[in-house]
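The values are calculated or read from the model by the stated rules, or taken from the named source; none is laboratory data. If you're wondering where the values come from, they're calculated on a predicted model, not measured in any experiment. Cβ coordinates were reconstructed from backbone atoms using ideal geometry, including for glycine residues, and neighbour counts include every protein chain displayed.
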Amino acid sequence: MPLHAELHRHLGGSIVPRIFWRFLHRQGHPLALDFPDYDDFEDFVTRPRNSLSEFLELHTMIEQVQTIRTLPYFITKLVRGAYVFEGLVYLELRHTPYYRTDHQREEAERILQMREVVRVIRDAANLPDYPLRLRQILCMHSRLPNHINRAIIELAARERDTVCAVDLAGPDVLYQERIPEFIELFQYARLLGLKTTCHLFETANGAYPELLPYVDRIGHGIHIPLQMPELLPQIRDRGQCLEVCPTSYLKTGTLQSLESLRRVFVECEKANVDIAICTDNPGLHNVRLPFEYENLLSLDIIDFHMLRRCQNAAFRHAFAWPHREPPDNILPLLTGSGSPAPFTERG
Ligand SMILES: [Zn+2]
């Protein structure tokens, strides 16, 4: 099994429908009444939506179920599956901690409770039989007020043993009014020594080039090569990587077919901009990382050479992979084929 790194995955979209449905029924959750049959539930969560905003309503539904009390259950299942079925050895898992706090409490208490959310996830992900390296990315959200987003950054800076970066997520139509505020937040995060990524150029109306200089990686970014390829040289010069999540674009109605991604890969290769292939929501989409790879290969959108470049780029652009090289560079030592590349710590 090759060893993969995943850089863009949401906690809310990570649980496969079967596990989620079974959980609702075992717990006697009110949502279980809406879905007595599994097939209807799977159909409901995996069917394509018309827009990103409509798709994000699914996350809201799941966030209500993923509370501090239930998170260990979901994290354990997630880590096991990622290690065994996807060959992941490195996973950056993102979430908005505020939305996992107790909705009944006052705002100030919920802000304090975010720390517990982060620590519960950290502890639940530590499974010696499934030794993948999991780090959290804390997402600011375009629906949250400035002071909560700021508190998310400060929390990230305090919990560095498990948090590797901050992100901005939520409907991108809501960015428009708040660009100066978001720039200031990203500057603040960097001042505290945090890495940054941002959902940008994901949909045709998510083009906010003003934010690009403030992020280390670009969440999606597919509409840069499609709409504004003139930005690619700057992106290369900044050493930024695109986190491309193929199945997502079909589920959120952003693309009608994956064919358009061919241009994304070709233009980026020409401009020397790295791409990491990611899943975004492997549970909600029912598509795990190796199948994202395989789909792109079978549709002839990329070839094996490009795939290997992207797989290596994922380790190179990972915020908390501790080595210079991807782990499969030492496999020849184990398998006795070829000669292993040197495996060194990151400087
Ligand atoms: Zn995302």
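Below are the figures for this structure:
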item	result
Criterion: at pLDDT 95 or above, buried (at least 20 other Cβ atoms within 10 Å of the Cβ) and within 20 Å of L88 (Cα to Cα) - qualifying residue of A320, A313	A313
Residue identified as away from the ligand (no atom under 16 Å from the Cβ) and in contact with a strand residue (DSSP E or B) (Cβ under 6 Å, 6 or more places away or on another chain) among C268, C241, C245	C268
Of all residues making up the range 116-136, the number that are assigned to a helix (DSSP H, G or I) and crowded, with 16+ Cβ neighbours inside 10 Å	6
Counted residues, the range 43-98 - those being assigned to a strand (DSSP E or B) and in contact with a helix residue (DSSP H, G or I) (Cβ under 9 Å, 6 or more places away or on another chain)	7
Every residue from the range 101-115 that is without any contact (Cβ under 8 Å) to a residue 40 or more places away in the chain and either part of a helix (DSSP H, G or I) or within 16 Å of the ligand (Cβ to nearest atom) (or both)	A108, E109, R110, L112
Residue match in the range 194-204 (condition: of a type outside the set (A, V, I, L, M), surrounded by fewer than 19 Cβ atoms within 10 Å (Cβ to Cβ) and out of contact with any Ser or Thr (no Cβ under 6 Å at 6 or more places or on another chain))	no
For G336: the one exception among (1) without any contact (Cβ under 8 Å) to a residue 40 or more places away in the chain; (2) among the small types (G, A, S); (3) surrounded by 13 or more Cβ atoms within 10 Å (Cβ to Cβ)	(3)
Residues satisfying the stated conditions in the range 11-28, i.e. more than 16 Å from the ligand (Cβ to nearest atom) and either touching a Leu at 6+ places or on another chain (Cβ under 7 Å) or part of a strand (DSSP E or B) (or both)	L24
Close pairs from the range 163-183: first at negative phi and buried (at least 18 other Cβ atoms within 10 Å of the Cβ), partner outside any loop (DSSP other than H, G, I, E, B) and modelled with pLDDT under 95, Cβ under 6 Å, at least 6 apart	P171/S53
Single match in H8, H59, H4 (criterion: in contact with a Gly (Cβ under 9 Å, 6 or more places away or on another chain), away from the ligand (no atom under 16 Å from the Cβ) and either charged (D, E, K, R) or in contact (Cβ under 8 Å) with a residue 40 or more places away in the chain (or both))	H4
Out of G193, G170, sole residue that is within 16 Å of the ligand (Cβ to nearest atom) and not β-branched (V, I, T)	G170
Where a residue in the range 219-238 is over 16 Å from H317 (Cβ atoms) and its partner, wherever it lies, is small (G, A, S) and within 16 Å of the ligand (Cβ to nearest atom), with Cβ under 7 Å and at least six apart	H223/G206
Every residue from the range 305-329 that is free of Cβ contacts under 8 Å to residues at least 24 places away in the same chain, in a helix (DSSP H, G or I) and more than 18 Å from G87 (Cα to Cα)	H305
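Rundown of residues vs (1) within 30 Å of H4 (Cβ to Cβ); (2) within 19 Å of the chain's Cα centre (by Cα), yes/no style:
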| residue | (1), (2) |
| --- | --- |
| T70 | yes, no |
| Y83 | yes, yes |
| E86 | yes, yes |
| E109 | no, no |
| I121 | yes, yes |
| Y130 | yes, no |
| R133 | yes, yes |
| A156 | yes, yes |
| C164 | yes, yes |
